[in-house]
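Here the structure comes first, spelled out in structure tokens, and everything after it is commentary.
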Amino acid sequence: MWGDRRVSVVLMTYAERLSIRSVIEGFFATGFVDEVLVVNNNAEPGTSEEVAGTGAREVREPAQGYGHASRRGLREATGDLIVLAEPDGTFLPADIQKLLVFSDECDAVFGTRTTRELIWHGANMEWFLRWGNWAVAKGVEVLFNTSHLSDVGCTYRLFTREAAGVVAERMRIGGNHAGPEMMLIAITGGFRFVEIPVNYLPRVGRSSATGSPLAAIAIGLRMIAMILRFRSRTPRRIARPDRLSHGARVGAGER
């Protein structure tokens, strides 16, 4: 619980059998998490057995892709605050408190992995990925006239239930480049948001998405193309609402 609000963590899994159990246990150990929902996206054999040994709930999403799995998780999670994360060991469960603190004033909280001091030795965030994510994020700032952003690829993020419902309803991307789409839906939907630094650790096992430079470049190019298409059919960010979706005081967070 966070105050009087239930907290759900959604973990989308495909190739994280070796790490998923410890990640689930880590989130429960924070004391803030009421539900861990695992979206089995055609995961490798043995994954369900690892999940069954924990207090997590598992659902299956047969349509392959990060976007499909994320949409399913946003719809299935029962919490008032819904946190998306990776079960591959790259994120610290304890960092969830950072996201929850800002949920008191924002409808969406995005993590960023580009803070040099929080990138652990051995993490998959070499200069190309770090500066590539930063550059595309700055492009989003300009194209959508919005607040500070420095990472379009970070998958550690929080949505209130209302924001999660809007994002799930409007998502169209099913593949690995769906992360920026969720961000843009929240931005152009007028939801209050903020970006905060999170720790970024070495992955357990090899990533099927960014395990090679060529794969990372391909995903990055798809992200850029999606952002440009989104901008061509969407107005810049609309005026933010006078009141947060969860009923916080008028003007909260304004400085």
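Conditions tested, residue by residue: (1) under 27 Å from Leu100 (Cα atoms); (2) under 14 Å from the mean Cα position of the chain (by Cα).
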{"residue": "Val140", "(1), (2)": "yes, no"}
{"residue": "Gly153", "(1), (2)": "yes, yes"}
{"residue": "Ala163", "(1), (2)": "yes, yes"}
{"residue": "Asn176", "(1), (2)": "yes, yes"}
{"residue": "Thr188", "(1), (2)": "yes, no"}
{"residue": "Ile196", "(1), (2)": "yes, yes"}
{"residue": "Ala215", "(1), (2)": "no, no"}
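Residue-level analysis places Val167 outside the set of residues that are buried (at least 19 other Cβ atoms within 10 Å of the Cβ), touching a residue at least 40 places away in the same chain (Cβ under 8 Å), closer than 24 Å to Phe102 by Cα and more than 16 Å from the chain's Cα centre (by Cα). Selection within the stretch 1-27: residues that are of a type outside the set (A, V, I, L, M), within 18 Å of the chain's Cα centre (by Cα) and in a strand (DSSP E or B). The member of this set that is surrounded by the fewest Cβ atoms within 10 Å (Cβ to Cβ) is Ser8. Applying the selection to the stretch 28-63, what residues are in contact (Cβ under 8 Å) with a residue 60 or more places away in the chain and either part of a helix (DSSP H, G or I) or of a type in the set (S, T, N, Q) (or both)? Listed by number, the residues that qualify are Ala29, Thr30. Would you pick out the residues in the stretch 81-97 that are assigned to a loop (DSSP other than H, G, I, E, B) and surrounded by fewer than 23 Cβ atoms within 10 Å (Cβ to Cβ)? Within the stretch 81-97, Glu86, Gly89, Leu92 meet the criteria.
With the requirement that a residue be at pLDDT below 75, exposed (fewer than 14 other Cβ atoms within 10 Å of the Cβ) and either small (Gly, Ala, Ser) or in a loop (DSSP other than H, G, I, E, B) (or both), what does the stretch 209-229 give you? Ser212 - this is the single residue of the stretch 209-229 that is at pLDDT below 75, exposed (fewer than 14 other Cβ atoms within 10 Å of the Cβ) and either small (Gly, Ala, Ser) or in a loop (DSSP other than H, G, I, E, B) (or both).
Residues that are surrounded by fewer than 22 Cβ atoms within 10 Å (Cβ to Cβ), touching a strand residue (DSSP E or B) at 6+ places or on another chain (Cβ under 9 Å) and not in a loop (DSSP other than H, G, I, E, B) within the stretch 98-132 comprise Lys98, Leu100, Val101, Phe102, Glu117, Leu118, Ile119, Arg130, listed in sequence order. Sort out which residues of the stretch 134-153 are closer than 20 Å to Leu92 by Cα and of a type outside the set (A, V, I, L, M, F, W, C), and write them in order of number. Across the stretch 134-153, the qualifying residues are Ser150, Asp151, Gly153. From (1) in contact with an Asp or Glu (Cβ under 8 Å, 6 or more places away or on another chain); (2) under 27 Å from Arg170 (Cα atoms); (3) touching a residue at least 60 places away in the same chain (Cβ under 8 Å); (4) buried (at least 16 other Cβ atoms within 10 Å of the Cβ), pick out the condition that doesn't hold for Thr78. So Thr78 meets the others, but not (4).
For the stretch 38-56, which positions are of a type in the set (D, E, K, R) and closer than 23 Å to Gly179 by Cα? Across the stretch 38-56, the qualifying residue is only Glu44.
The values are calculated or read from the model by the stated rules, or taken from the named source; none is laboratory data. What you see is a predicted model, and the numbers here were worked out from it, not measured in a lab. When we count neighbours, we look across all protein chains shown, and the Cβ atoms used for this are built from the backbone with ideal geometry, even at glycine.
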